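The values are calculated or read from the model by the stated rules, or taken from the named source; none is laboratory data. Since the structure is predicted, the reported quantities are computational estimates derived from the model, not experimental observations. Cβ atoms come from the backbone with ideal geometry, glycine included; neighbour counts cover every protein chain shown.
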Amino acid sequence: MTLVTGARRGQRGLALLALLAVLLFVTVSSTAFVWYVNRQQAQAGAAVRARRAAHLAEAGLHTVLAILESKEAPGPRWRPAAHEVRADGEGRALVWVRDGDGGALVVTSEGEVAGTTRTLETVVHLASPALLTALYGASVVRLEQPPAAMVIAPYGAGLGDRPWIHIAAGREVWFATPDVSLNDPGMPLEVPPGPIDAAPGVGPASVTRPGPVRLLLARDAALTIGAAHEQVDVHQLRTLGVAADGVVLRIENLPPLPELDRTFYRRQAAGNLANAATNAAAGRHAADGALERKRDSLYTPAEFERVQAYLAAGDGPPRLRGVIYVTGGISLLDAQRLEIADGALVAEGTVHLGAGARLEVLHTPASRTLPGLVVLDDGGLHVSSGARLRVHGLVDAARTIDVTDGGRLEVVGAVVGRDPLASVRNRGAVVVIRYDPAVLGTPGLATRGEGPVVAWIAGVRETIAPTAPPASPRR
């Protein structure tokens, strides 16, 4: 009896232990499940808050762009230390705007939802609406000697619904004879790649077929033809045999051109050490000790001539890199060649390409917004017979841009002629402009006064924290 009772008690003890083990397992499993569910809910909540904060940061950026582009005060001069943008629901955005390098603005936008923050830092350029024009002539654009031909077409992404213009002229667009053409769809034309489609081994790329043109003329400007400068419209041009199609838009005054910051370009060239080895070799070639020791790319005209002579005499490609600044004019002699890669050529005097010469200023996607060729002071741009000028980016000349018989000007970007008498002359040459909206982000340009601006986003990156400490928000 005692043995049976003890056995039963042992069995009841084992059953109790088994029950306790099951209860412990259930408790641990339930706790783990509850912890897992709570963790998933917390992660989901954090993800939702992070997405919401990111959307608020983007909304803050767009609020800044809208204010900067506004014609009403504060407009382009707005530089808030911390401006609060309230959302309809939970959360808010704080924005800061500060001046950056090369005329750019740095916009910092921090979205915050229940302690979760996302911060965007955006580089913005405020461009003159003049840069929405493929060919801007402050005074007269002339197509003179047949078979002068001009082709203007869009290029690349980023144009969107921006109302870009083919040609703007302050005084006149003149067709000297019916034997010149503007966007003739029947003209066969092949051009090399642009900055976002250039790659080693890539051959010529077909131009987007040119379509009808939009001409923007100041109120007193005229569209004319013939030696008598008879005023016509686009329909009459076609009737007279000119290969042209499109519309003419009128405005009281053309939008003002941006100012060029030569100090910025000089500083960029002074910091460009990519041509130090070329300088040293050119200095040895010309027995010029100062040039041999020179490391930067800010040249006097004499120094640049020695560099050109060395490159012309060498076996390798005549190539320089980065921003090149010359404190005077530049001449490429007959059949001379020069290429500038991922940079710009800025000259304080006339740039002249002799017969058969070839100058190329080429960009890659990383350098797409750099200007291509800038001619300052009283300098013009002259492309002689048989010469070829190929440029990515903005081409801007203080005086006349003159392309003569058999010469070629090929630009992926935009062209600006500032001369008050004759801005652009095509004398029996071929001018091809593929308008790249990236010129709106050209560094070193400053808009004038309180006029309208166009905001161009040059770059966006997410940061851990805003670049300026939060201040008391103001509305």
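Below are the figures for this structure:
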{"quantity": "Residue within the stretch 354-365 that is assigned to a strand (DSSP E or B) and either touching a Ser or Thr at 6+ places or on another chain (Cβ under 6 Å) or closer than 27 Å to Val124 by Cβ (or both) present", "calculated": "yes"}
{"quantity": "Members of the stretch 108-146 that are out of contact with any Lys or Arg (no Cβ under 7 Å at 6 or more places or on another chain) and among the small types (Gly, Ala, Ser)", "calculated": "Ser109, Gly115, Ala127, Ser128, Ala130, Ala134, Gly137"}
{"quantity": "Sole residue being in contact with a His (Cβ under 9 Å, 6 or more places away or on another chain), assigned by TED's automatic domain parsing to the domain that holds Ile67 and of a type in the set (A, V, I, L, M), chosen from Leu182, Leu135, Leu105", "calculated": "Leu105"}
{"quantity": "Residue within the stretch 314-334 that is more than 30 Å from Gly406 (Cα to Cα) and either among the hydroxyl-bearing types (Ser, Thr, Tyr) or surrounded by 14 or more Cβ atoms within 10 Å (Cβ to Cβ) (or both) present", "calculated": "no"}
{"quantity": "From the options Gly354, Gly379, residue that is touching a Gly at 6+ places or on another chain (Cβ under 7 Å) and either of a type in the set (D, E, K, R) or farther than 16 Å from Leu311 by Cα (or both)", "calculated": "Gly379"}
{"quantity": "The lone exception for Ala228 - which of (1) surrounded by 13 or more Cβ atoms within 10 Å (Cβ to Cβ); (2) among the small types (Gly, Ala, Ser); (3) without any contact (Cβ under 8 Å) to a residue 40 or more places away in the chain it fails", "calculated": "(1)"}
{"quantity": "Verdict on Gly343 being under 19 Å from Asn272 (Cβ atoms) and either touching an Asp or Glu at 6+ places or on another chain (Cβ under 6 Å) or crowded, with 22+ Cβ neighbours inside 10 Å (or both)", "calculated": "yes"}
{"quantity": "Selection within the stretch 274-304 - free of Cβ contacts under 8 Å to residues at least 12 places away in the same chain and in contact with a Ser or Thr (Cβ under 8 Å, 6 or more places away or on another chain)", "calculated": "none"}
{"quantity": "Scope the stretch 428-472; condition more than 15 Å from Gly100 (Cα to Cα), modelled with pLDDT of 90 or more and not in a strand (DSSP E or B); matching residues", "calculated": "Gly428, Ala429, Asp436, Pro437, Ala438, Val439, Leu440"}
{"quantity": "Where a residue in the stretch 401-413 is part of a loop (DSSP other than H, G, I, E, B) and its partner, wherever it lies, is buried (at least 24 other Cβ atoms within 10 Å of the Cβ), with Cβ under 7 Å and at least six apart", "calculated": "Thr404/Val383; Thr404/Ala429; Asp405/Ala429; Gly406/Ala429; Gly407/Val383; Gly407/Ala387; Gly407/Ala429"}
{"quantity": "From Leu381, Leu370, Leu353, Leu338, residue being without any contact (Cβ under 8 Å) to a residue 40 or more places away in the chain, assigned by TED's automatic domain parsing to the domain that holds Val180 and buried (at least 24 other Cβ atoms within 10 Å of the Cβ)", "calculated": "Leu381"}
{"quantity": "Condition check for Gly211: modelled with pLDDT of 90 or more and in the same structural domain as Asp377 (by TED's automatic domain parsing)", "calculated": "no"}
{"quantity": "Criterion: closer than 26 Å to Thr369 by Cβ, at pLDDT 75 or above and buried (at least 16 other Cβ atoms within 10 Å of the Cβ) - qualifying residue of Gly75, Gly91, Gly100", "calculated": "Gly75"}
{"quantity": "Odd one out for Asp378 among (1) at pLDDT 95 or above; (2) under 18 Å from Tyr325 (Cα atoms)", "calculated": "(1)"}
{"quantity": "Contacts under 8 angstrom Cβ, first residue in the stretch 129-150 being on the phi > 0 side of the Ramachandran plot, partner assigned to a loop (DSSP other than H, G, I, E, B) and surrounded by 22 or more Cβ atoms within 10 Å (Cβ to Cβ), 6 or more apart", "calculated": "none"}
